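K.L.:
Structure provided below as structure tokens; questions to follow.
The values are calculated or read from the model by the stated rules, or taken from the named source; none is laboratory data. Since the structure is predicted, the reported quantities are computational estimates derived from the model, not experimental observations. Ideal geometry is used to build each Cβ from the backbone, glycine not excepted, and the neighbour counts take in all protein chains shown. Just so you know, the surface numbers come from the protein's heavy atoms only, side chains and all, with ligands and any DNA or RNA stripped out. Shrake-Rupley method; radii C 1.70, N 1.55, O 1.52, S 1.80 Å.
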Amino acid sequence: MIRFNQVSKRYPGGYEALRNVSFDIAEGEMVFLTGHSGAGKSTLLKLVAAIERPNSGSVLVNNQNVGVLKGGALPYLRRNLGIIFQDHKLLFDRSVFDNVLLPLQICGFDHRESAKRVRAALDKVGLLKREKANPIALSGGEQQRLCIARAIVNRPSILLADEPTGNLDAAYAQEIMDIFRSFHQVGVTLLISTHDESVLQDAGVRRLALKQGELQPTSTGSGPA
Ligand code: ADP
Ligand code: ADP
């Protein structure tokens, strides 16, 4: 489903953020991407989403080489990808409901179907009762769940999350991970970057470990799945 083959990424200025990275993620797998700050986790996720392009090697998503996609093909890739990035940019001039509606409006869904999907997405993250609220009134954990609802309202087959529990305490982090596990159970492929020990402890989840741009030998977290 996601395949990196000898991928290197150098940013302007010469810094090599990823070096010869190769791995495969199968359909329906849930994988943690670990590593210290600066190890290249965000860069790797951006390459999957074709926000950045590799300098060498290939990035395949659903057998499509996304490193060479032309602009017109990007919306089709993105429609199949849910992305939860750190700088989540919720819109505070509209309701919780309308924040989740936005991706569907861009895709041109009709009103009834959209409303149904928005409520299904809010329900999955436990925010159905807050649909009329302004996101500014939500707690940090709720805002993060709102970001997840917005990312999955299109029912993407792949979900990418960059440090999704970064600013949350352990109980809220656990809620977020429970939501991800529920997507895993319905067959969504998940790639989640984290250096949150409370998240990594409860593993049984495959890990891809980055160290200064290089992938370390793979390991699986201990404990029950
Ligand atoms: P992580 O997500 O693991 O913290 P990043 O992928 O954000 O790592 O960064 C990897 C390295 O690439 C860091 O040294 C970072 O400073 C550098 N980097 C990231 N984005 C850019 C950019 N747009 N321009 C130049 N250097 C960047
Ligand atoms: P529905 O019967 O509501 O149209 P589907 O048959 O598409 O739903 O999916 C079965 C269940 O899995 C539903 O609860 C649906 O919302 C959920 N689901 C399907 N794809 C995704 C996805 N990418 N992310 C989250 N949930 C999903």
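K.L.:
Filter the stretch 35-78 for residues that are modelled with pLDDT under 95 and of a type in the set (Ser, Thr, Tyr); which is nearest to ligand 1 (Cβ to nearest atom)?
P.N.:
Top of the filtered list is Ser37.
K.L.:
For residues that are within 13 Å of ligand 2 (Cβ to nearest atom) and of a type in the set (Lys, Arg), scanning just the stretch 113-144, find the one that is nearest to Val186 (Cα to Cα).
P.N.:
The extreme case among them is Lys124.
K.L.:
Look at the stretch 189-218 and say how many of its residues are over 27 Å from Ser157 (Cβ atoms), among the acidic types (Asp, Glu) and free of Cβ contacts under 8 Å to residues at least 40 places away in the same chain.
P.N.:
1
K.L.:
Report whether or not Lys41 is closer than 14 Å to Leu208 by Cα and surrounded by 17 or more Cβ atoms within 10 Å (Cβ to Cβ).
P.N.:
In short, yes.
K.L.:
Now for a separate question. Would you pick out the residues in the stretch 88-121 that are in contact with a Lys or Arg (Cβ under 9 Å, 6 or more places away or on another chain) and in a loop (DSSP other than H, G, I, E, B)?
P.N.:
His88, Leu90, Ser95, Phe109 - these are the residues of the stretch 88-121 that are in contact with a Lys or Arg (Cβ under 9 Å, 6 or more places away or on another chain) and in a loop (DSSP other than H, G, I, E, B).
K.L.:
So, of the residues in the stretch 122-168 that are of a type in the set (S, T, N, Q) and in a loop (DSSP other than H, G, I, E, B), which turns out to be most open to solvent (accessible area, probe 1.4 Å)?
P.N.:
Once the filter is applied, the top-ranked residue is Asn167.
K.L.:
For the stretch 179-206, give me each residue that is part of a strand (DSSP E or B) and either under 15 Å from the mean Cα position of the chain (by Cα) or at pLDDT below 85 (or both).
P.N.:
Thr189, Leu190, Leu191, Ile192, Ser193
K.L.:
Further question: Read through the list (1) buried (at least 21 other Cβ atoms within 10 Å of the Cβ); (2) in contact with a strand residue (DSSP E or B) (Cβ under 6 Å, 6 or more places away or on another chain); (3) hydrophobic (A, V, I, L, M, F, W, C), then give the number of the only condition that Val118 fails.
P.N.:
In the conditions (1) buried (at least 21 other Cβ atoms within 10 Å of the Cβ); (2) in contact with a strand residue (DSSP E or B) (Cβ under 6 Å, 6 or more places away or on another chain); (3) hydrophobic (A, V, I, L, M, F, W, C), Val118 misses (2) alone.
K.L.:
Another one. Condition first: loosely packed, with under 12 Cβ neighbours inside 10 Å and of a type in the set (Gly, Ala, Ser). Now tell me which residues in the stretch 1-37 satisfy that.
P.N.:
Gly13, Gly14, Ala26, Ser37
K.L.:
Residue by residue through the stretch 11-34, note down the ones that are within 9 Å of ligand 1 (Cβ to nearest atom) and closer than 21 Å to Val68 by Cβ.
P.N.:
Answer for the stretch 11-34, where residues must be within 9 Å of ligand 1 (Cβ to nearest atom) and closer than 21 Å to Val68 by Cβ: Tyr11, Pro12, Glu16, Ala17, Leu18.
K.L.:
Pull up the stretch 169-189, narrow it to residues that are over 18 Å from Glu27 (Cβ atoms) and open to solvent by less than 20 Å² (accessible area, probe 1.4 Å), then point me to the one that is nearest to ligand 2 (Cβ to nearest atom).
P.N.:
The extreme case among them is Ile179.
K.L.:
Let me ask something additional. Look at Gly82 and say whether it is farther than 17 Å from Arg155 by Cβ and within 16 Å of ligand 2 (Cβ to nearest atom).
P.N.:
Against the criterion (farther than 17 Å from Arg155 by Cβ and within 16 Å of ligand 2 (Cβ to nearest atom)), Gly82 does not qualify.
K.L.:
Next up: Sort out which residues of the stretch 53-79 are open to solvent by 50 Å² or more (accessible area, probe 1.4 Å) and outside any helix (DSSP H, G or I), and write them in order of number.
P.N.:
Residues satisfying the conditions are Arg53, Asn55, Ser56, Asn62, Asn63, Gln64, Asn65, Lys70.
K.L.:
Right, here's the next one. Condition check: assigned by TED's automatic domain parsing to the domain that holds Met1, hydrophobic (A, V, I, L, M, F, W, C) and within 18 Å of Met30 (Cβ to Cβ). Does Ile192 satisfy that?
P.N.:
So Ile192 fits the description; yes.
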